[in-house]
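The values are calculated or read from the model by the stated rules, or taken from the named source; none is laboratory data. Remember, it's a predicted structure, so these values are computed and weren't measured experimentally. Cβ: placed from backbone, ideal geometry, glycine included. Neighbour counts: every protein chain shown. Accessible surface is based on the protein model in full, side chains and every heavy atom, while ligands, DNA and RNA are left aside. Shrake-Rupley method; radii C 1.70, N 1.55, O 1.52, S 1.80 Å.
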Amino acid sequence: MASALSRRQLLQWLGLMGAGAVLPCRPLALPAATGFAGATVDIAGQYATTVCDDRGGLLWQQPLPDRGHALALHPNGRWLAQCSRRPGYYLQLFERRDGTPLATIEAASGRYFNGHCLFGERLLYATETVAESGAGCIGIYDGAAGWQRVGEWDSGGLDPHDLRWSADGRLIVVANGGLLSHPETPGIKLNIATMESSLAWLDAHTGTIVAQPRLAPELHQLSLRHLAVDRRGEVAVAMQWEGAAMQRVPLVAVQHEVSGGLETLALPPALLRSLRQYCGSAAVDASGRLLAVSSPVGGVTFIWDLAAQQLVDEVRLPDGCGVAAAAQGFFLSSGRGQLCRWAVDGVVQLEAISGLQWDNHLLALPG
């Protein structure tokens, strides 16, 4: 592994200083999604990355050394990165077309991966935690150097989880979940009484935090987990409540612009109860108007019209967590192996691969 560089050294090394700097990622107009990918496990306990067409038919599958979490697609449309589940110790890169393994990135000494990563044109960014202190960071890996780790940025809080590009590709937004844990006891949350989540907007050239909205103090036990960004740059945040079990709190927030605050969605009370204080994934459809948010605990995924600020539909899917934008509507997946596609005219069941269970997230794949 390469040693960590200072911010200035990293900028000089990548040639990003001065007026001639290029954007780390130029958002591309990709074709509509014609398939999807996700982490899976079969009845023999074999973890894998699985890629399907838009009917749920298997295209390819590659084994993983341990449980996977989220995937990322390179802007060139050719490479996939599979993240390991927190606390994770690998990132696996594949050819998108046929699953040919390209590289395995091991976690740096004293760091572990938190389940999500993000491609730029040259760099790969991953949410990570410093094992001993619990501090959050964004690890930076360079494709031109064989995906060596070339630096890290402060994430602005504990437990950074999901991260996404801003609509113009100049910023990276990070969901700092606020939870303190230790890799030797990964299921134990050590700071629920004092936890604090935030969104951190990082300058993609320097890593400088340019904005960091937080929820109201009385909601400090809401963990910001998963993000969806529409083409206008609005960010939707799916959250999980770590406070008193009987307390009803909002579980989805929206930030309309970088300089603005977090506004919670006023979900219908019956729907809010059915989410059981836990949202697992979020995605915006191809139109940028509809938001899908899942609750595997509640067994429901709801569709929300961001423009009209109203509920469109609810889909009952036991242990359903994965959501990804389809050509029209959304692909949905379940930890019990079910696959379906939601559209405004109804829900269509897709082919289910025998003996295969889907993990938390799906990634839409363009044609």
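Among the residues of region 60-96 satisfying the criterion of being open to solvent by 40 Å² or more (accessible area, probe 1.4 Å) and in contact with a Leu (Cβ under 9 Å, 6 or more places away or on another chain), which is nearest to N360 (Cα to Cα)? Write out each step before concluding.
Quick first cut of region 60-96, residues open to solvent by 40 Å² or more (accessible area, probe 1.4 Å) only: 61-63, 65-67, 76, 78-79, 85-86, 89, 95-96.
Checking the rest, the ones that are also in contact with a Leu (Cβ under 9 Å, 6 or more places away or on another chain) come to 61, 76, 79, 95-96.
Values: Q61: 17, N76: 25, W79: 21, E95: 22, R96: 20 Å.
Per the criteria, the residue is Q61.
Give me a count of the residues in region 142-165 that are among the acidic types (D, E) and assigned to a loop (DSSP other than H, G, I, E, B). Don't jump to the end; show me each part of the working.
Within region 142-165, the subset among the acidic types (D, E) is 142, 152, 154, 159, 162.
Then drop every residue that is not assigned to a loop (DSSP other than H, G, I, E, B), which leaves 159.
So the count comes out to 1.
Against the definition (of a type in the set (G, A, S) and either over 30 Å from S354 (Cβ atoms) or open to solvent by less than 10 Å² (accessible area, probe 1.4 Å) (or both)), how does G38 come out, yes or no?
On the way: of a type in the set (G, A, S): yes; either over 30 Å from S354 (Cβ atoms) or open to solvent by less than 10 Å² (accessible area, probe 1.4 Å) (or both): yes.
Yes: the conditions hold for G38.
Taking region 96-130 on its own, how many of its residues are within 20 Å of the chain's Cα centre (by Cα), part of a strand (DSSP E or B) and not basic (K, R)?
19
So if I check each of E184, E196, E152, which one is acidic (D, E) and without any contact (Cβ under 8 Å) to a residue 24 or more places away in the chain?
E184
Take G298 and decide whether it is more than 17 Å from R276 (Cα to Cα) and either crowded, with 18+ Cβ neighbours inside 10 Å or free of Cβ contacts under 8 Å to residues at least 60 places away in the same chain (or both).
no
Tell me, please, whether a residue that is open to solvent by 10 Å² or more (accessible area, probe 1.4 Å), farther than 26 Å from G280 by Cα and touching a residue at least 12 places away in the same chain (Cβ under 8 Å) can be found in region 128-135.
Scanning region 128-135, I find at least one residue that is open to solvent by 10 Å² or more (accessible area, probe 1.4 Å), farther than 26 Å from G280 by Cα and touching a residue at least 12 places away in the same chain (Cβ under 8 Å), so the answer is yes.
Where residues in region 273-296 are aliphatic (A, V, I, L, M) and within 13 Å of the chain's Cα centre (by Cα), which of them is farthest from L222 (Cα to Cα)?
First, pick out the residues of region 273-296 that are aliphatic (A, V, I, L, M): 275, 282-284, 286, 290-293.
Narrowing the set further to residues that are within 13 Å of the chain's Cα centre (by Cα) leaves 282-284, 293.
Numbers: A282: 16, A283: 19, V284: 22, V293: 16 Å.
Filtering region 273-296 for residues that are aliphatic (A, V, I, L, M) and within 13 Å of the chain's Cα centre (by Cα), the one farthest from L222 (Cα to Cα) comes out as V284.
Can you go through A211, A204 and tell me which one is at pLDDT 95 or above, among the aliphatic types (A, V, I, L, M), open to solvent by less than 10 Å² (accessible area, probe 1.4 Å) and within 22 Å of L118 (Cα to Cα)?
Step by step, each of A211, A204 is checked, and only A204 is at pLDDT 95 or above, among the aliphatic types (A, V, I, L, M), open to solvent by less than 10 Å² (accessible area, probe 1.4 Å) and within 22 Å of L118 (Cα to Cα).
Would a scan of region 280-288 turn up a residue that is among the charged types (D, E, K, R) and either surrounded by fewer than 19 Cβ atoms within 10 Å (Cβ to Cβ) or in contact with a Pro (Cβ under 8 Å, 6 or more places away or on another chain) (or both)?
No, that holds for no residue.
Using beta carbons and a limit of 9 Å, which pairs, at least six apart or on different chains, have the first residue in region 73-92 and under 23 Å from P186 (Cα atoms) and the second one buried (at least 19 other Cβ atoms within 10 Å of the Cβ) and at pLDDT below 95?
R86/S181; P87/S181
If I go through region 97-127 residue by residue, how many of them are surrounded by fewer than 19 Cβ atoms within 10 Å (Cβ to Cβ), of a type in the set (S, T, N, Q) and closer than 29 Å to G35 by Cβ?
2
Out of (1) crowded, with 18+ Cβ neighbours inside 10 Å; (2) modelled with pLDDT under 95, what's the single condition that is false for G233?
(1)
Could you list, in sequence order, the residues of region 93-116 that are of a type in the set (G, A, S) and free of Cβ contacts under 8 Å to residues at least 40 places away in the same chain?
Step one: of region 93-116, the residues of a type in the set (G, A, S) are 99, 103, 107-110, 115.
Passing the criteria: A107, G110.
Restricting to strands (runs of 3 or more DSSP E) lying wholly in region 312-367: which have 2 or more residues that are open to solvent by less than 50 Å² (accessible area, probe 1.4 Å)?
Values: elements: 320-325, 330-334, 339-343, 346-349, 356-366.
The strands (runs of 3 or more DSSP E) meeting that bar are 320-325, 330-334, 339-343, 356-366.
Right, V150: open to solvent by 60 Å² or more (accessible area, probe 1.4 Å) and in contact with an Asp or Glu (Cβ under 6 Å, 6 or more places away or on another chain) or not? Steps first, please.
Numbers: open to solvent by 60 Å² or more (accessible area, probe 1.4 Å): no; in contact with an Asp or Glu (Cβ under 6 Å, 6 or more places away or on another chain): yes.
No: the conditions fail for V150.
Among the hydrophobic types (A, V, I, L, M, F, W, C) and under 20 Å from V323 (Cα atoms): is that true of L215 in this structure?
no
A238 is checked against (1) surrounded by fewer than 17 Cβ atoms within 10 Å (Cβ to Cβ); (2) touching a residue at least 24 places away in the same chain (Cβ under 8 Å); (3) among the small types (G, A, S) and fails just one. What number does that condition carry?
Only one criterion is unmet by A238, namely (1).
What tally of residues in region 196-229 results from selecting those that are within 19 Å of the chain's Cα centre (by Cα) and of a type in the set (S, T, N, Q)?
Number of matching residues: 4.
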